[in-house]
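A short worksheet on the structure shown next.
The values are calculated or read from the model by the stated rules, or taken from the named source; none is laboratory data. Worth saying up front: this structure is predicted, and the values here are computed from it rather than measured. Don't worry about glycine lacking a Cβ; one is built from the backbone with ideal geometry, like all the others, and counts go over all protein chains shown. We work out accessible area using only protein heavy atoms, side chains counted, and drop any ligands, DNA or RNA first. Shrake-Rupley method; radii C 1.70, N 1.55, O 1.52, S 1.80 Å.
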Amino acid sequence: MDKFQTVIMPKTGWFDIDLKEVWRYRDLISLFVKRNFVSKYKQTILGPLWAVIQPLLTTVVFTVVFGSLAGLSADGVPPFLFYLSGNVAWTYFSACLTQTASTFTSNAGILGKVYFPRVVMPISTVLTNLIAFAIQFVMFLVFWIYYYAKGEVQIDKLVLLLPVLILQMALLSLGTGIIVSALTTKYRDLQMLVGFGVQLWMYATPVAYDIGIIPEKYMGIYMLNPMTSVINIFRKAFLGLGDFEPGYCLLSLGITLIILVVGIILFNRVEKTFMDTV
């Protein structure tokens with residue numbers, strides 16, 4: 001008699017995620033990634049070009065409003081590249097967070113019909129947005145090479161930390177998103193506040209301004225925002241701006257891991273009964 005390939009057991013632990021099982025469903029993850037990416041641009045005229053147009057237009061607005069009208073300093077680098085660097089990183093994080101936050105509600109039809117590890121859905125969302133980030137990052141590199149050739153920017157060895165920064169943004173958005181997703185199964189009001197909350201978070205992150213405008217006495221509190229360190233290191237790596245402080249970097253990573261763990265715990269608890277409330 002053949003053994004069952006999949007045995008569905010109730011989850012009892014707080015941190016009960018079978019990574020081997022998730023890996024066995026990697027083909028399903030790739031199918032979800034393809035579905036998400038194709039469905040997003042299928043009925044658009046410009047298709048994946050929207051992944052470039054959105055951060056590009058936002059950068060132009062930031063350059064005019066914050067750079068020209070408000071007169072915020074870009075610390076000696078081209079303002080357009082300064083704002084573009086922040087927007088490319090933030091767009092990936094915010095897109096992952098916003099879409100992950102609706103994992104349960106937007107996929108209730110699928111989740112109620114067939115079994116697969118539920119964490120596959122938010123993981124596929126993060127990977128889908130990674131494709132858009134790759135497109136946007138190539139656009140950023142085109143402008144960066146132009147200004148680098150003119151000698152207006154410089155590269156730093158911290159560029160080697162780029163994979164770590166991308167991983168941290170993915171884990172932070174995954175953790176925060178599944179926390180919101182778990183809570184919205186019962187409290188739908190949170191779903192209405194996601195967009196507003198992400199907007200406020202952006203203004204609490206040095207996307208539209210340089211971190212140098214923050215008074216030193218508030219810096220410790222300001223750096224509790226894990227995305228602050230990510231944007232700061234990204235700009236330091238490609239523009240040579242700011243200082244790299246390992247203590248703040250470790251603090252950012254620590255907070256990211258805490259949020260991820262809390263998110264997984266909530267996800268596991270809600271997963272057992274979410275079909276009764278969604």
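Here are some notes:
- Here I110 meets each of (1) part of a helix (DSSP H, G or I); (2) crowded, with 17+ Cβ neighbours inside 10 Å with one exception, condition (2).
- Filter result for Q199 (within 24 Å of V126 (Cβ to Cβ), polar (S, T, N, Q) and open to solvent by 80 Å² or more (accessible area, probe 1.4 Å)): yes
- I259 being at pLDDT 85 or above, within 21 Å of T100 (Cα to Cα) and hydrophobic (A, V, I, L, M, F, W, C): yes
- Any chance T205 is crowded, with 20+ Cβ neighbours inside 10 Å, under 14 Å from the mean Cα position of the chain (by Cα) and in a loop (DSSP other than H, G, I, E, B): yes
- The numbered conditions (1) under 22 Å from the mean Cα position of the chain (by Cα); (2) surrounded by 14 or more Cβ atoms within 10 Å (Cβ to Cβ); (3) modelled with pLDDT of 75 or more are all true for P78 except (1).
- Exactly one residue out of L161, L165, L241 is outside any loop (DSSP other than H, G, I, E, B), touching a residue at least 40 places away in the same chain (Cβ under 8 Å) and more than 15 Å from the chain's Cα centre (by Cα): that is L161.
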